[in-house]
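Undergrad: Mind looking over this structure? Questions follow.
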Amino acid sequence: MVAEKEDAEDESLRIECPFLKTERLVMRTPDVADIPALAELANNRAVAEMVTRMPHPYGEAEARAFVTMATVPNRAGVIHVLTLADTGALVGCAGLSVTERGLELGYWVGEPYWNKGYATEAAHALVDLAFRATDVPVLHVACRVINPASRRVVHKCGFQYAGQGMIDSIVAGRVPVERYRLDRKAWASLRNWARY
């Protein structure tokens, strides 16, 4: 999933939610204890090529910078690490960031955990959080055109296609993305999410 550069912090988009629990995941604010697991899981070019702000290689210095950025007090949006509820294993990250379009959903899951529905589960929780914790009329998301797995997550969450564009990726350079949007009215009609 693609998340773009954050613009000026908007106080109305500040989301105080250090912890979310879903059926199989505990989504929580990252901390320094997560640095080794983040560095190991994110140090994968296949993951880095699908998001815009993840460098490759990705080591402990990059993980430490991520944790520092994610825990800045009073920042708009929210960033969570995704951990398995039963084992505590870190499987990826997800969040809501402020972009020039407004609030945008972003996520990534480490390759050992692909195709298990974790991204969809986390995305559903964050979509609900976005509409419950803010007054945004629309939530945005973008994905690489070469990422069918992310597109499936987006569709399962009820987002509608809104066009294509280009975006700068640290690893892949300037790349095409598909943009999607979900308005509050559509979300309200989809609140009973289908099984993953």
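Each value in this text was obtained by applying a stated rule to the coordinates, not by laboratory testing. Remember, it's a predicted structure, so these values are computed and weren't measured experimentally. No Cβ is skipped: glycine too gets one built from the backbone with ideal geometry, and neighbour counts run over all protein chains shown.
Undergrad: Roughly how many nanometres apart are two label points built 7 Å out from the Cα toward the Cβ at Thr68 and Ser12?
TA: According to this spin-label approximation, the distance is 3.3 nm.
Undergrad: Mind checking the full-extension length gain between Arg132 and Val32? Use 0.36 nm per residue of separation minus the Cα-Cα distance, one decimal, nm. Mind showing how you got there, number by number?
TA: Numbers: separation 100, 0.36 × 100 = 36.00 nm, distance 2.88 nm.
So the extension gain works out to 33.1 nm.
Undergrad: Evaluate the charge dipole of the stretch 11-136 about its Cα centre and quote only its size in Debye, nearest 20, assuming +1 on the Cβ of each Lys and Arg and -1 on the Cβ of each Asp and Glu. All intermediate terms of the calculation are to be shown ahead of the outcome.
TA: Working: 11 positive and 16 negative charges, 12 e Å.
That gives a dipole near 60 debye.
Undergrad: Under a point spin-label approximation (7 Å from Cα along Cα-to-Cβ), what is the Arg45-Arg184 distance to one decimal in nm?
TA: So the label points at Arg45 and Arg184 sit 4.5 nm apart.
Undergrad: With θ taken as phi - 60° and the coefficients 6.51, -1.76 and 1.60, list the Karplus ³J(HN,Hα) couplings across the stretch 150-162 in order, rounded to whole Hz; mark glycine and proline as x.
TA: Taking θ as phi minus 60°, the curve returns 5, 4, 5, 4, 4, 5, 5, 8, x, 5, 10, 4, 10 Hz for the stretch 150-162.
Undergrad: Magnitude of the Cβ-charge dipole of the stretch 84-192, K/R +1 and D/E -1, about the Cα centre, nearest 20 debye?
TA: Details: 13 positive and 10 negative charges, 70 e Å.
In total the dipole reaches around 340 debye.
Undergrad: Estimate the FRET efficiency between Ala85 and Asp168 by the formula 1/(1 + (r/R0)^6), using the beta-carbon distance for r and 41 Å for R0, to the nearest 0.05. List each step's numbers first, then the result.
TA: Values: r = 35 Å, r/R0 = 0.86.
Calculated transfer efficiency: 0.70.
Undergrad: Mean separation of Cα pairs under 8 Å and 6+ residues apart, divided by the residue count of the stretch 11-136: what relative contact order is that in percent? Numbers along the way, then the final one.
TA: Values: 203 pairs, mean separation 36.2, N = 126.
With pairs under 8 Å counted, the relative contact order is 29 percent.
Undergrad: Determine, for each peptide in 139-145, 80-86, the mean count of other beta carbons within 10 angstrom over its residues, then list the peptides with the highest first. Kindly include the intermediate steps, with their values, before the conclusion.
TA: Numbers: 139-145: 23.3, 80-86: 19.0.
Sorting 139-145, 80-86 by mean packing, highest first, produces 139-145, 80-86.
Undergrad: So, in Å, what gap is there between the alpha-carbon centers of the stretch 137-192 and the stretch 74-122?
TA: 14 Å
Undergrad: Taking θ = phi - 60°, what integer Hz values does the Karplus form 6.51 cos²θ - 1.76 cosθ + 1.60 yield along the stretch 70-80, in sequence order, with x for Gly and Pro?
TA: 5, 10, 4, x, 6, 7, 6, x, 7, 10, 10
Undergrad: Okay, next question. Net charge around Val32, counting only other residues with Cβ within less than 12 Å of its Cβ (Lys, Arg = +1; Asp, Glu = -1)? Mind showing how you got there, number by number?
TA: Working: positive: Arg64; negative: Asp31, Asp34, Glu60.
Charge balance in the 12 Å sphere: -2.
Undergrad: Counting C-alpha atoms alone, how compact is the chain: give Rg to one decimal and Dmax as a whole number, in angstrom.
TA: Computed over the Cα atoms of the chain, radius of gyration and Dmax are 15.3, 43 Å.
Undergrad: Hey, another quick one. Quick one: what are the phi-derived ³J(HN,Hα) couplings along the stretch 164-179, Karplus 6.51/-1.76/1.60 with θ = phi - 60°, whole Hz, x for glycine and proline?
TA: 10, x, 10, 8, 8, 10, 4, 8, 9, x, 7, 10, x, 10, 9, 10
Undergrad: Give, in nm to one decimal, the length gained when the segment between Glu60 and Tyr161 is fully stretched (0.36 nm per residue of separation minus the Cα-Cα distance).
TA: On the way: separation 101, 0.36 × 101 = 36.36 nm, distance 3.64 nm.
In short, 32.7 nm is gained.
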